[in-house]
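The values are calculated or read from the model by the stated rules, or taken from the named source; none is laboratory data. Quick caveat, the model's predicted, so the values are computed rather than measured. Please note: Cβ atoms are built from the backbone with ideal geometry, for glycine as well, and neighbour counts cover all protein chains shown.
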Amino acid sequence: MISLDDAAEYLRRADDIVILSHQFPDGDTFGSAAALCMALQSMGKRAKTRCRHAVSAKYAFMFRGVKKQEFEPKTVVAVDVADIDLLGEPIREEYEGRVDLCIDHHAGNRTFAKYTYVDSTAAATTEIIYALITKLGAKITPEIAEAIYTGITTDTGCFKYTNATPRTYRIAACMMETGIDAAAINREMFDTKTRARLEMERRVLDSMNFYLDDRCAVVYILRDMIAESGACEDDLEGLAAIPRQIEGVLVGVTLREKKSGEYKVSLRTQEPVNAAQICALFDGGGHACAAGCTLPGPKEAATERIVAAIGAYLEQQKEDGR
Ligand SMILES: [Mn+2]
């Protein structure tokens, strides 16, 4: 672990920098990469971004101010990447043991880089990137401000989650002062859906079943459903949040069919149910309110196992008098 001053000093001396985002990219990992890349380029350095997945139409605006530069990287930086595996193949293989600096806000960062800076009180990695760019003395242009703002708004669910702090709002306010259209970004990130996304939501809702006196709702993301709706990976982001939105549901479960026939299980829970504890029973993990694990198919068997584990957990809590 190094300080943010050290990270800034390291970057000040560095050149020919490639900035890596995690696979299945979100607004924060892309916003961090785009903002840092533009700032480094403005300092006269060569910099570029890379990600296992292409920049989708939704996030493309953040990269408008990034100049295309081709070079052999001498410095490797990862942003919002908690674990080397999250780079995805073939990027992981290419950079394993070669990441010089990792800037992140995940408390569970696996410190795979030579130097790591983690601030788990930051709502988004872009909050840290803002501080870093300021330390580097680079100007926060409107293009950089848009990328930072997007990372903040997407990681806080449009300032809705408990991770949003007074500092989060202050940084967002500074970004707005550069003249960006924050409302337009919020609308694009939260109120605009593709037709394929809505077709997917329709199928997910249709697949819903209730268990354990309606305290548990289960939905499916099956390969057939994805094909029928024409959804791409981006269209599936956040679908796992749907079952827990229902009043009275303590545990929302999403089972996603994998090519291998296994199911990726995502749990979203309300207090006091700890999703990570339940997923740990199946070698999974995550946060208290959002966690995951993998179970073998068929889907009926996978459903039975996870619902039984949730039922046992709720029983135990009742006995413990919670
Ligand atoms: Mn993040």
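Within segment 146-166, being more than 11 Å from the ligand (Cβ to nearest atom), in a helix (DSSP H, G or I) and aliphatic (A, V, I, L, M) holds for Ala147, Ile148. If a residue has to be in a helix (DSSP H, G or I), hydrophobic (A, V, I, L, M, F, W, C), away from the ligand (no atom under 16 Å from the Cβ) and in contact with a Ser or Thr (Cβ under 9 Å, 6 or more places away or on another chain) to count, how many in segment 9-51 make the cut? So the count comes out to 4. Scanning segment 257-276 for residues that are surrounded by 15 or more Cβ atoms within 10 Å (Cβ to Cβ) and farther than 30 Å from Ala227 by Cα returns Val273, Asn274, Ala276.
When Arg50 is tested against (1) touching a residue at least 40 places away in the same chain (Cβ under 8 Å); (2) buried (at least 18 other Cβ atoms within 10 Å of the Cβ); (3) not aromatic (Phe, Trp, Tyr), just one condition goes unmet, and that condition is (2). Scanning segment 221-260 for residues that are of a type outside the set (Val, Ile, Thr) and touching a Phe, Trp or Tyr at 6+ places or on another chain (Cβ under 8 Å) gives Glu233, Glu237, Leu255, Arg256, Glu257. A single entry from Ala54, Ala113, Ala123, Ala60 fulfils the requirement of being in the same structural domain as Thr156 (by TED's automatic domain parsing) and within 14 Å of the ligand (Cβ to nearest atom): Ala123.
Among the residues of segment 54-84, what is the count of those that are more than 20 Å from the chain's Cα centre (by Cα) and either crowded, with 19+ Cβ neighbours inside 10 Å or not charged (D, E, K, R) (or both)? I'd like the intermediate steps shown before the answer.
Step one: filter segment 54-84 for residues more than 20 Å from the chain's Cα centre (by Cα), giving 64-76.
In the following step, the residues that additionally are either crowded, with 19+ Cβ neighbours inside 10 Å or not charged (D, E, K, R) (or both) were identified as 65-66, 69, 71, 73, 75-76.
Number satisfying all stated conditions: 7.
The number of residues in segment 79-110 being more than 16 Å from the ligand (Cβ to nearest atom), assigned to a loop (DSSP other than H, G, I, E, B) and under 17 Å from Leu36 (Cα atoms) comes to 2.
For segment 255-282, the set of residues classified as within 16 Å of Arg215 (Cβ to Cβ) and in contact with a Pro (Cβ under 9 Å, 6 or more places away or on another chain) consists of Arg268 only. In the condition set (1) without any contact (Cβ under 8 Å) to a residue 24 or more places away in the chain; (2) loosely packed, with under 14 Cβ neighbours inside 10 Å; (3) away from the ligand (no atom under 16 Å from the Cβ), Thr134 is compliant with all but (2). Scanning segment 264-314 for residues that are over 27 Å from the mean Cα position of the chain (by Cα) and either at pLDDT below 95 or hydroxyl-bearing (Ser, Thr, Tyr) (or both) gives a single hit, Tyr313.
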